[in-house]
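Everything on this sheet refers to the single structure shown next.
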Amino acid sequence: MELLSNIPPGEPHVIQWNFAQGPGRELTHRLGLTPGAQVRVVASHFGAVIVEVEGRRVALSQDIARDIRV
């Protein structure tokens with residue numbers, strides 16, 4: 001397993017674990033970033049990771065992206 005924050009852009013991956021806590025966990029669940037979901041990193045820069053999940057692009061902080069394992 002790899003941290004979502006360390007994945008290079010391009011390849012799709014499946015979320016295995018989401019260790020986010022509190023408001024971060026609520027946010028990731030509302031955005032569909034749950035175990036079993038397919039996610040693709042679009043870009044990573046300026047402290048943010050931009051991912052595509054369920055046809056949407058979402059910007060995550062590095063902290064939240066480090067809580068997600070693919």
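Couple of notes before you dig in:
- The relative contact order of the stretch 30-70 comes to 28 percent, based on Cα pairs under 8 Å that sit 6 or more residues apart.
- Around the Cα centre of the chain, unit charges on the Cβ atoms of Lys, Arg, Asp and Glu (plus for the first two, minus for the last two) sum to a dipole of about 100 debye.
- Around the amide H of ILE68, modelled in the peptide plane, lie the amide H atoms of LEU4, SER5, PHE19, all under 5 Å away and 5 or more residues distant in sequence or on another chain.
- Computed over protein heavy atoms with a 1.4 Å probe, the accessible surface of the chain works out to 59 Å² per residue.
- Per residue, the average separation of C-alpha pairs within less than 8 Å and at least 6 apart gives the stretch 1-52 a relative contact order of 39 percent.
The values are calculated or read from the model by the stated rules, or taken from the named source; none is laboratory data. Remember, predicted model here, so these are calculated numbers, not experimental data. With ideal geometry, Cβ positions are generated from the backbone for all residues, glycine too; neighbour counts draw on all protein chains shown. Surface accessibility is based on the protein's heavy atoms, side chains included, excluding ligands, DNA and RNA. Shrake-Rupley method; radii C 1.70, N 1.55, O 1.52, S 1.80 Å.
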